[in-house]
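For reference, the structure is listed below as structure tokens.
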Amino acid sequence: MLWSIKNNELLLEKLQKSPLIHFKEDEKDLLEDVVTENKQAIEMANIYSSILTGTMDAFASVISNNLNIVMNRLTVVSIVGHRRKRRNTW
């Protein structure tokens, strides 16, 4: 989504600088407002992208921590089971 907004920015800048298209004064003002709104949309998309990245990183950390807990418990069960098996064979 961010790329499409940035592409809109390029298009709007080309529209503003194009010598082939002549805008009336009120149309120029409207185009400037659209450019401003588009820049704000880019900033908001960047902010939300950062928030989402942070949330995904936090979720990955929680998953990794849970996996570590499970692996530790499985290791303990494996060691205890191995020791019991060894005692029974003697």
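Please treat every number below as a calculation from the coordinates, not as lab data. Given the structure is predicted, the values throughout are model-derived calculations rather than measurements. Using ideal geometry, Cβ is built from the backbone for each residue, glycine included, and neighbour counts are taken over all protein chains shown.
Values as computed for the structure displayed
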item	result
Long-range neighbours under 9 Å by Cβ, at least six apart or interchain, first residue in contact (Cβ under 8 Å) with a residue 12 or more places away in the chain within the range 1-22, second outside any helix (DSSP H, G or I)	15/21; 15/23; 16/23
In the range 1-57, residue surrounded by the fewest Cβ atoms within 10 Å (Cβ to Cβ) [restricted to those that are assigned to a helix (DSSP H, G or I) and among the aromatic types (Phe, Trp, Tyr)]	3
Cβ pairs under 8 Å, 6+ apart, first in the range 26-45 and over 21 Å from residue 2 (Cβ atoms), second among the aliphatic types (A, V, I, L, M) and in a helix (DSSP H, G or I)	31/12; 31/15
